Amino acid sequence: MIDAHVHLERGPYTLEWVDRFVQTAVSRGIQELCLLEHCYMFPEFLPMYDGILGQSAYMDQWFARTNGHRDLQEYLGLVEQARGTQWPIQLRFGLEVCYFPEHEGMIRRLTEKLGLDFLVGSVHYVDGFAFDHRAEHWAGRDVDALYRRYFALSVQLAQSRLFDGIAHPDCIKLFGHAPSFSRSPWYEALAQAVAENGLYAEQSTGIARRTGAPIGMAPDLLTAMQRRGVRLLTASDAHAPEDVGLWIPQAQALLGS
Ligand SMILES: [Zn+2]
Ligand SMILES: [Zn+2]
């Protein structure tokens, strides 16, 4: 089993910290562990987020508290150290990058020489709206419009060729909002873009743990991905060692293999 998406962010960049994730992975039968950081941890990426600032006190406070406080070179140094160390399972190191269509050039410039094992792209913002923070932030918003833009951005992400994979596809559903229209045409379009551009897609347990949403992709999206032969990787989106590998067997079972 693989856990393709685990955040290091709450500890120091040391082999001891990495080992805590590895130990949990081993105890839960994970053979391949993909560790990463949010790109917004690093000051180099902060200009990408100019467009989301100044819209709400909540987001401005979150941004000031969370963003730009880690050292990218220190992270890359840890990756080098970890590569020179023997581990009981396969380890890979990457970056989760927020996708903003207007910043494709910046993303390319900032990521192409990092030497990481993988880059996974995420839609965390729909035209500046951080939809996955709190359910109450959806109050008064046009759910149909948010869904349309979310999927359009996800297709653009896949077509950008900036990333190896797409994180938590269709996590726009995390708080249970549903559009008035059928999502099937968007599922087909997204699956096609992911397949044509050679990305993998995550079967993620992250929002299920956070909000009680169903595990992984909607069944119809999963079917659309599988019909096109998309590589699907189970992923916990853990942000702490104790969450590594959680519900991965269930996510794997949904893949039917
Ligand atoms: Zn994410
Ligand atoms: Zn993540």
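The values are calculated or read from the model by the stated rules, or taken from the named source; none is laboratory data. Given the structure is predicted, the values throughout are model-derived calculations rather than measurements. Note: ideal-geometry Cβ built from the backbone for every residue, glycine included; neighbour counts use all protein chains shown.
General observations
- Being under 14 Å from the mean Cα position of the chain (by Cα) and either of a type in the set (Asp, Glu) or more than 27 Å from residue 42 (Cβ to Cβ) (or both) holds for only one residue in 102, 96, and it is 96.
- Matching residues, the stretch 170-191, being more than 14 Å from residue 131 (Cβ to Cβ) and crowded, with 18+ Cβ neighbours inside 10 Å: 183, 186, 187, 190, 191
- Residue 228 vs. criteria within 16 Å of ligand 1 (Cβ to nearest atom) and either at pLDDT below 95 or among the basic types (Lys, Arg) (or both): no
- Checking each residue of the stretch 51-72 against the condition of being within 28 Å of residue 216 (Cβ to Cβ), of a type in the set (Phe, Trp, Tyr) and surrounded by 13 or more Cβ atoms within 10 Å (Cβ to Cβ) gives at least one match.
- Matching residues, the stretch 66-111, being farther than 17 Å from residue 11 by Cβ and modelled with pLDDT under 95: 67, 68
- The stretch 206-244 - residue that is more than 15 Å from ligand 2 (Cβ to nearest atom), assigned to a loop (DSSP other than H, G, I, E, B) and not hydrophobic (A, V, I, L, M, F, W, C) and, of those, nearest to residue 135 (Cα to Cα): 212
- Test for residue 121: is it in a strand (DSSP E or B) and either closer than 24 Å to residue 208 by Cβ or away from ligand 1 (no atom under 13 Å from the Cβ) (or both): yes
- Matching residues, the stretch 207-220, being more than 15 Å from the chain's Cα centre (by Cα) and closer than 17 Å to residue 250 by Cα: 211, 212, 213, 214, 218, 219
- Whether a residue is of a type in the set (Gly, Ala, Ser) and either within 16 Å of ligand 2 (Cβ to nearest atom) or more than 25 Å from residue 128 (Cα to Cα) (or both) was assessed, and residue 11 passes this test.
- For the stretch 26-43, the candidate set comprises residues that are out of contact with any Gly (no Cβ under 8 Å at 6 or more places or on another chain) and aliphatic (A, V, I, L, M); within that set, the residue that is farthest from ligand 1 (Cβ to nearest atom) is 26.
- Remark: pairs (first residue in the stretch 143-162, under 15 Å from residue 128 (Cβ atoms) and loosely packed, with under 15 Cβ neighbours inside 10 Å; second residue among the β-branched types (Val, Ile, Thr) and modelled with pLDDT of 95 or more; Cβ separation under 9 Å; 6+ apart in sequence or on different chains) = 145/126.
Results for (1) within 19 Å of residue 126 (Cα to Cα); (2) among the hydroxyl-bearing types (Ser, Thr, Tyr); (3) touching a residue at least 40 places away in the same chain (Cβ under 8 Å); (4) surrounded by fewer than 16 Cβ atoms within 10 Å (Cβ to Cβ), shown as yes or no for each residue.
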residue: 23; (1), (2), (3), (4): no, no, yes, yes
residue: 30; (1), (2), (3), (4): no, no, yes, no
residue: 38; (1), (2), (3), (4): yes, no, yes, no
residue: 45; (1), (2), (3), (4): yes, no, yes, no
residue: 74; (1), (2), (3), (4): no, no, yes, yes
residue: 85; (1), (2), (3), (4): no, yes, yes, yes
residue: 90; (1), (2), (3), (4): no, no, yes, yes
residue: 100; (1), (2), (3), (4): yes, no, yes, no
